[in-house]
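The values are calculated or read from the model by the stated rules, or taken from the named source; none is laboratory data. As the structure is a computational prediction, the values presented were derived from the model and not from experiment. So basically every Cβ, Gly included, is an ideal-geometry build from the backbone, and we count neighbours across all protein chains shown.
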Amino acid sequence: MLDKFIAIEPVCCNKYQTKMNENVPYPYLGNELSEQEKIETIEYHFRHILQAIGMDLNDDSLQKTPHRYAKMLVKELFQGLNDKAFPSITTQDNKFHYKQPLIESHISIQSVCEHHFVPILGYCHIAYIPKDRVIGLSKLNRVAKYFARRPQVQERLTKQISTKLCEILETPDVAVVIDALHLCVRMRGIQDQDALTRTMDLGGVFTQDSFRNEFLSHIPKLSEMKL
């Protein structure tokens, strides 16, 4: 177990520079810590956080909490910070010449607000119009979940999903909507139990009224969402 502070040197010097080679700016610097070193470092500091708020870490319910928390962050909640964890995605020729919108709604997402580090929970709705390439439906889910698994703001998350799908599908005709509840709004501050947030990124033909309205008509109104 780590028993002293480890000095962590960032890999990048510009907060808009990223090891992940993404087109949407993300405040990630990276470091040279191994996965195990990350877990040990977080465990060390979270143990001190619990002690600072007066928790008894000798209690059998709390003894392993710092380790459980650190392991959860590195191996589960923030897997989207690991560029090697990006899903393997292959596209296929659009041999059947499908040229209409393909819409997948209610893709569940779980993320963490980077301002207060509490959950963002919601659904992502995606549409695209194929040109020469198509992908399996589950790959839409995997792309959305990858970008959600990191500290986020909803606006950026929406843009990251849309931008990556445009790149993969080789078309600008992509639309992404995210409906989410933010526990930083529900549990603290204003403590509003009903507020939901919708963000959208509409590209290509989806900026036109007819395509935009068709897409939005196939997903629930925000007032109808149950989160």
So, first residue more than 25 Å from Gln79 (Cβ to Cβ) in the stretch 33-57, second residue part of a helix (DSSP H, G or I), Cβ within less than 8 Å, six or more apart or across chains; the pairs are Leu57/Arg47; Leu57/Leu50; Leu57/Gln51; Leu57/Thr65; Leu57/Pro66
Note: among Ile178, Ile120, just one is more than 19 Å from Pro27 (Cβ to Cβ), of a type in the set (Val, Ile, Thr) and touching a His at 6+ places or on another chain (Cβ under 9 Å), namely Ile178
Checked the stretch 96-135 for anything more than 21 Å from Pro172 (Cβ to Cβ), touching a Leu at 6+ places or on another chain (Cβ under 7 Å) and either outside any strand (DSSP E or B) or of a type in the set (Phe, Trp, Tyr) (or both); matches are Val118
If we ask which residues in the stretch 40-81 are within 20 Å of Arg150 (Cβ to Cβ) and either out of contact with any Leu (no Cβ under 8 Å at 6 or more places or on another chain) or not in a helix (DSSP H, G or I) (or both), their number turns out to be 16
Residue count, the stretch 167-183, condition in a strand (DSSP E or B) and among the charged types (D, E, K, R), comes to 1
Residue pairs qualifying under the 6 Å Cβ cut-off, at least six apart or on distinct chains, with the first in the stretch 139-159 being touching a residue at least 24 places away in the same chain (Cβ under 8 Å) and the second being polar (S, T, N, Q) and buried (at least 24 other Cβ atoms within 10 Å of the Cβ), are Phe147/Gln160; Ala148/Ser111; Gln152/Ser111
Counting only residues that are over 23 Å from the mean Cα position of the chain (by Cα), of a type in the set (A, V, I, L, M, F, W, C) and not in a helix (DSSP H, G or I), the stretch 187-227 contains a total of 1
For Tyr146, indicate whether it is under 12 Å from the mean Cα position of the chain (by Cα) and surrounded by 14 or more Cβ atoms within 10 Å (Cβ to Cβ).
yes
Being small (Gly, Ala, Ser), free of Cβ contacts under 8 Å to residues at least 40 places away in the same chain, over 20 Å from Glu32 (Cα atoms) and part of a loop (DSSP other than H, G, I, E, B): is that true of Ser88 here? yes
Of the candidates Ser210, Ser217, Ser162, the one satisfying the condition of being buried (at least 19 other Cβ atoms within 10 Å of the Cβ) and of a type in the set (S, T, N, Q) is Ser162
Just one listed residue, out of Ser217, Ser223, is modelled with pLDDT of 95 or more, over 20 Å from Pro119 (Cβ atoms) and among the hydroxyl-bearing types (Ser, Thr, Tyr), and it is Ser217
Within the stretch 172-194, of all residues that are among the β-branched types (Val, Ile, Thr) and crowded, with 19+ Cβ neighbours inside 10 Å, the one farthest from Asn94 (Cα to Cα) is Val185
